[in-house]
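A short worksheet on the structure shown next.
Just so it is clear, none of the values below were taken in a lab; they were calculated from the coordinates. These figures come from a predicted structure and were not determined experimentally.
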């Protein structure tokens with residue numbers, strides 16, 4: 001019998017001699033690749049803080065986002081002369097606390113991005129798969145419709161949709177979703193067409209798999225990596241488009257604390273109360289930059305060619 005002292009001890013991080021090798025899990029391999037991108041990790045950390053601030057806006061906000069303090073119109077931030085600890089980031093032209101409006105506005109902006117991406121990604125995936133599996137019957141018609149939509153500037157098309165549906169938060173999300181569908185459709189179609197030529201799809205077809213099973217169980221999982229990256233970038237685009245529509249008065253309507261609406265109502269005070277415009281603009285800039293950095297990290301981590309080079 002071998003004593004405990006005679007048993008071989010493996011170096012840290014290495015398996016025992018003769019022990020079966022356990023490859024790292026897919027999640028661990030993904031995180032290893034993602035964490036090498038410092039910008040992506042920083043973007044993820046900042047976005048996590050924004051999400052937590054949005055979820056806890058009711059507890060963190062010192063005031064109601066629509067409450068007006070008539071005695072404190074255009075109060076500067078606490079670090080400027082005339083500022084007050086009662087309003088850390090100052091107030092707007094009708095005395096509403098900017099910090100409270102930014103926190104509640106984060107909730108709305110993230111909701112707009114999430115809903116818009118979901119409403120555009122799901123029909124885009126379905127249309128892309130239909131165009132790939134039925135290139136003669138449906139593919140040509142679907143692609144021509146998508147080409148017409150892509151021929152128009154996305155913001156102009158969103159403005160046209162909102163003009164037809166009417167201004168408002170729900171119609172803004174619908175408009176952003178509609179203008180984003182062509183990108184997902186063409187992406188999924190191209191990825192699915194490439195997958196359809198591979199042996200595993202041909203084997204599944206010969207084994208008797210139906211069209212729906214081939215679409216959603218065989219082909220779609222192998223097309224999701226670029227879709228996830230595009231959805232991440234589309235999230236930031238949705239926030240920007242919603243802010244642009246709000247700035248034009250076609251998005252969320254006052255007194256809703258949406259970042260674009262805050263910019264629209266404060267544009268007349270750029271010179272004498274610049275914090276009213278600067279703070280919502282910085283919130284939009286920082287959030288969109290964080291999402292884009294995280295999207296770059298996702299692209300690098302999900303691209304097998306880049307993983308082989310690392």
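Viscosity 0.692 mPa s, temperature 37 °C: what is the translational diffusion coefficient of the stretch 158-235 from Stokes-Einstein with a Kirkwood Rh over Cα pairs, rounded to a whole number of µm²/s? Once the numbers are plugged in, D ends up at 226 µm²/s. Rounded to the nearest angstrom and listed largest first, the equivalent-ellipsoid semi-axes of the stretch 124-171 from its Cα gyration tensor are 27, 12, 8. Over the residues of the chain, the helix contribution to mean residue ellipticity at 222 nm works out to -21000 deg cm²/dmol, using -39500 (n - 2.57) for each DSSP H run of at least 4.
Across the chain, Cα pairs under 8 Å and at least six residues apart give a relative contact order of 23 percent.
One compactness figure for the stretch 50-173 is 1.59, namely its Cα radius of gyration divided by 2.2 N^0.38 Å. Kirkwood hydrodynamic radius computed over the stretch 212-252 comes to 12.2 Å, based on all pairs of distinct alpha carbons. Across the stretch 105-309, counting alpha-carbon atoms alone, Rg and Dmax equal 19.8, 72 Å. Taking the C-alpha atoms only, the angle from helix 275-302 to the longest principal axis of the chain is near 0 degrees. Overall size of the stretch 24-99 from C-alpha positions, given as principal axis extents largest first: 61, 25, 17 Å.
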